[in-house]
Protein chains: 6
Amino acid sequence: MTTTRYDIGLSKLAEIDGNAGQNVIESLQSICPDLARYTIEFPFGDIYQRPQLDLKSREIGTVAALTAIGHCAPQLNVHINGALNVGCSPEEIIEIILQMAVYAGFPAALNGMFVAKDVFIERGLIKA
Amino acid sequence: MTTTRYDIGLSKLAEIDGNAGQNVIESLQSICPDLARYTIEFPFGDIYQRPQLDLKSREIGTVAALTAIGHCAPQLNVHINGALNVGCSPEEIIEIILQMAVYAGFPAALNGMFVAKDVFIERGLIKA
Amino acid sequence: MTTTRYDIGLSKLAEIDGNAGQNVIESLQSICPDLARYTIEFPFGDIYQRPQLDLKSREIGTVAALTAIGHCAPQLNVHINGALNVGCSPEEIIEIILQMAVYAGFPAALNGMFVAKDVFIERGLIKA
Amino acid sequence: MTTTRYDIGLSKLAEIDGNAGQNVIESLQSICPDLARYTIEFPFGDIYQRPQLDLKSREIGTVAALTAIGHCAPQLNVHINGALNVGCSPEEIIEIILQMAVYAGFPAALNGMFVAKDVFIERGLIKA
Amino acid sequence: MTTTRYDIGLSKLAEIDGNAGQNVIESLQSICPDLARYTIEFPFGDIYQRPQLDLKSREIGTVAALTAIGHCAPQLNVHINGALNVGCSPEEIIEIILQMAVYAGFPAALNGMFVAKDVFIERGLIKA
Amino acid sequence: MTTTRYDIGLSKLAEIDGNAGQNVIESLQSICPDLARYTIEFPFGDIYQRPQLDLKSREIGTVAALTAIGHCAPQLNVHINGALNVGCSPEEIIEIILQMAVYAGFPAALNGMFVAKDVFIERGLIKA
């Protein structure tokens, strides 16, 4: 019996994104289940499981990139949760979003920060 | 006597980017020295000196964001050097650029990787 | 009597986008009717009516581009409808959006796929 | 007693964005008050107060850029208000958004125009 | 005899961009002369000739947008020349590029500023 | 004996991109051979080999997306070659790049067209 990329990816996805990742996968079933499968296999089964970089650093990089790209609010929400799940502190997450004001401009940083605010409120880390 | 944002920024810039950062500053003198000053004061004097996130994590986030944004090859070159200067290993830098294939697509990751290749060759970390 | 670019464009717009295109045109009347006129004249009166590429291929390219650009959900909705109207199958549309995971990253592909899901539900092609 | 960048920025922010800018600042207090402070100090305390370009031209440039970037609807709303506040006519604002069809494509221009429509309705400049 | 959009556009293009615009048009002849024609007709024959906004403000907006978009160095070069041709001062052009640090990040502003430096050196406004 | 995703991808890559794709793969060997492997496995071994969309349509979509994204000239060069290799006519490729003026603006379309010009000259389809 072999452990497949799908198995590794599913386990890694649960470790990082918990239910949020699972919800994305489920919402794809009626339209393109193969995109769900590829999302598990490539990002999580191939990339995130590699030992060359710790999960905290991976999530710092992902939160930075999604904030900078700017049109990925749903994925940024998932990965701010993921960053918290793998051990980033709220202060570290706020800090890397703030830093994006330098590289992607203040609007991108502001929009990213408001996604973090939503996540932190939902998790009871700050008051609404 | 007070230490100004400019002084703090200049010191932080030297710590992270070394000569590469200094070259950018000098090349602005004939066209817009104020942009050089703001580049020292805001990114380096305000943001990078904050204690909430270590410099290694800051550079991981910056390399991720610049790879994802895609039209910032000169700045990515500077910050891959910066990442090495503050203690990121070549493997960690390669890894965060690779990860951007997931979030910004393969072309952005490929173009970022070729910038890293240039830097690593220049620093003698790999052969041409 | 001559057929103007406006006439050609209006006819081409109706052929491709049906009511969805017409709604965009109408919603511009109180703010900038000239943008409505240019939208009819240039994209539809000049470009889409050219014989060098069939309408199915044009819509494949437009769905790909709008998915990749990422901040154009309303226009992507209109053109997924347009692609169906000119003969693309649902499977072909899903497939070109999926392919954008390679070029623009998984978040862009996921967000594009959820726009397709909305359109397909609205047209009764899949269940909610 | 010295006038600080913060004081200058707060005054400039009030002149340009009025309550809209103030609301953004307040909404950051629970998540990252430092981003609010930097937003006042750098864009408004450093940049907008410089005498080299009049405020009308600054807002024309900002509305153009935010329309072109495309994922900054909240900031575009604030700066369309700002453009009106510093003396741009509704026609001039519509015109620069329209011009972005050339540089960023019709979807970006359309999405920007609909933000302008919201602002103009809210200010009673056009009917809903 | 009627003045066509093409005639109006060609005249407007010459007024704004001089030879730089003409070179772009000529370089398209072997690959897609229709793109040259549309570039004359829509941006210059339709948009830039409209009376609702003066040419200086149009070029301020275009320089801002092209700096922010970031992957348009050749067009930014043409329009920095265009801005000078229609009466913007070098200081005003520098200033609007500088302002883009706020909205599109420091890398975009730096890259835009180096394009301006090239143009200003070529026109003898600053020394190499 | 099983045919792996890598085998399928390598064969598909050769079919579409010929030597151009192979050169990209080789240039990654000294810096990140895993990115070369993933580029073969995911885009070509997973996506391009799927039967839901013909290769001509896939390349139309890719050329459209890479033109619109704008900072991917090397990859656009490879895929304009790829489009020709799988049966797109030069006219169809020119046409989809032209169409991007509508969705991503004239600068993106112009820059994409000049990449096509380079490819067509190199392949002897037009004169320099």
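The values are calculated or read from the model by the stated rules, or taken from the named source; none is laboratory data. No experiment lies behind these values; they were computed from the predicted model shown. As a convention, Cβ positions derive from the backbone with ideal geometry for all residues, glycine included, and neighbour counts pool all protein chains shown. Just the protein is used for accessible areas: all its heavy atoms, side chains included, with ligands, DNA and RNA removed. Shrake-Rupley method; radii C 1.70, N 1.55, O 1.52, S 1.80 Å.
With a probe of 1.4 Å, find how much accessible area segment B:29-109 has per residue, and write the answer as a whole number in Å².
The answer is 22 Å² per residue.
In debye, nearest 20: dipole of segment B:1-113 around its Cα centre with unit charges on the Cβ of K, R (+) and D, E (-)? If you can, show how the numbers build up before the last one.
Working: 6 positive and 12 negative charges, 33 e Å.
For this selection, approximately 160 debye.
Residues of segment B:60-99 losing 50 Å² or more of accessible surface, assembly versus chain alone, probe 1.4 Å, please list them.
Listed in order, they are B:Ile69, B:His71, B:Gln75, B:Glu95, B:Leu98, B:Gln99.
Using only Cα atoms and rounding to the nearest 10 degrees, what angle (0 to 90) does helix F:73-85 make with the longest principal axis of chain F?
80 degrees
How much of the accessible area of segment E:53-128, probe 1.4 Å, is carbon plus sulfur, in whole percent? Let's see the in-between values first.
Numbers: 1120 of 2080 Å².
Carbon plus sulfur share of accessible area: 54 percent.
Provide the buried accessible surface between chains A and B in square angstrom, both chains summed, 1.4 Å probe, rounded to the nearest 100.
On the way: alone 7540 and 7570 Å², together 12600 Å².
Counting both chains, the buried surface is close to 2500 Å².
What relative contact order, as a whole-number percentage, does segment B:87-128 give when Cα pairs under 8 Å and 6 or more residues apart are counted?
Details: 21 pairs, mean separation 11.6, N = 42.
Computed value for segment B:87-128: 28 percent relative contact order.
Per residue of segment A:101-118, in order, report the coupling 6.51 cos²θ - 1.76 cosθ + 1.60 (Karplus, θ = phi - 60°) as ³J(HN,Hα) in whole Hz, putting x for Gly and Pro.
Per residue, the Karplus-derived 3J(HN,Hα) values read 3, 5, 9, 10, x, 5, x, 4, 5, 5, 5, x, 5, 6, 5, 4, 4, 4 Hz.
Of all alpha-carbon pairs in segment D:12-77, indicate the percentage at a distance above 19 angstrom. It would help to have the intermediate numbers written out before the result.
On the way: 771 of 2145 pairs.
Beyond 19 Å sits 36 percent of the P(r) for segment D:12-77.
Could you give me the radius of gyration and the Dmax of chain F, taking only the C-alpha atoms into account and expressing both in angstrom?
Looking at chain F, its Cα Rg and Dmax stand at 15.0, 51 Å.
Give the separation of the Cα centroids, segment E:1-50 to segment A:95-115, in Å.
39 Å
In whole Hz, what ³J(HN,Hα) sequence does segment B:38-43 give by Karplus (6.51, -1.76, 1.60; θ = phi - 60°), x for Gly and Pro?
5, 5, 6, 6, 7, x
Picking from C:Ser57, C:Ile80, C:Ile69, whose Cα lies most toward the positive end of the charge dipole for segment C:4-128 (charges on Cβ: Lys, Arg +1; Asp, Glu -1)?
C:Ile69
Per DSSP H run of n ≥ 4, the term is -39500 (n - 2.57); total these for chain E, divide by its residue number, and report the mean residue ellipticity at 222 nm rounded to 500 deg cm²/dmol. List each step's numbers first, then the result.
On the way: 6 runs with 90 residues, N = 128.
Rounded to the nearest 500, the figure is -23000 deg cm²/dmol.
Quick check: the angle from helix C:5-27's long axis to the longest principal axis of chain C, C-alpha only, nearest 10 degrees?
Here the helix axis deviates by roughly 60 degrees.
At a temperature of 20 °C and a viscosity of 1.002 mPa s, determine how fast the protein assembly as shown diffuses translationally according to Stokes-Einstein, using the Kirkwood radius over alpha-carbon pairs as Rh; express D in µm²/s, rounded to the nearest whole number.
Numbers: Rh = 26.4 Å.
Estimated via Stokes-Einstein, D reaches 81 µm²/s.
Please list 3J(HN,Hα) in residue order for segment C:86-93, calculated via the Karplus relation 6.51 cos²θ - 1.76 cosθ + 1.60 where θ = phi - 60°; whole Hz, with x for glycine and proline.
9, x, 5, 7, x, 5, 5, 5
When the dipole is taken about the Cα centre of segment A:1-52, and only Lys, Arg (+1) and Asp, Glu (-1) are charged at their Cβ, what size is it in debye, to the nearest 20? Walk me through the intermediate numbers first.
On the way: 4 positive and 7 negative charges, 23 e Å.
I would put it at about 100 debye.
Using packing as a proxy for protection, rank F:27-33, E:62-68, A:13-19 so that the peptide with the highest average count of other Cβ atoms within 10 Å comes first.
Details: F:27-33: 15.7, E:62-68: 30.7, A:13-19: 17.7.
Descending mean neighbour count gives E:62-68, A:13-19, F:27-33.
Report, in debye and to the nearest 20, how large the dipole of the protein assembly as shown comes out about its Cα centre when Lys and Arg carry +1 and Asp and Glu carry -1 on their Cβ.
Values: 54 positive and 84 negative charges, 0 e Å.
Charge dipole of the protein assembly as shown: 0 debye, to the nearest 20.
Round to the nearest 10 and give me the degree value, 0 to 90, for the angle of helix C:55-69's Cα axis relative to the longest principal axis of chain C.
Rounded to the nearest ten degrees, it is 60.
Let me understand segment C:53-128 better: what is its radius of gyration from the alpha carbons, and its Dmax, in angstrom?
Computed over the Cα atoms of segment C:53-128, radius of gyration and Dmax are 11.1, 34 Å.
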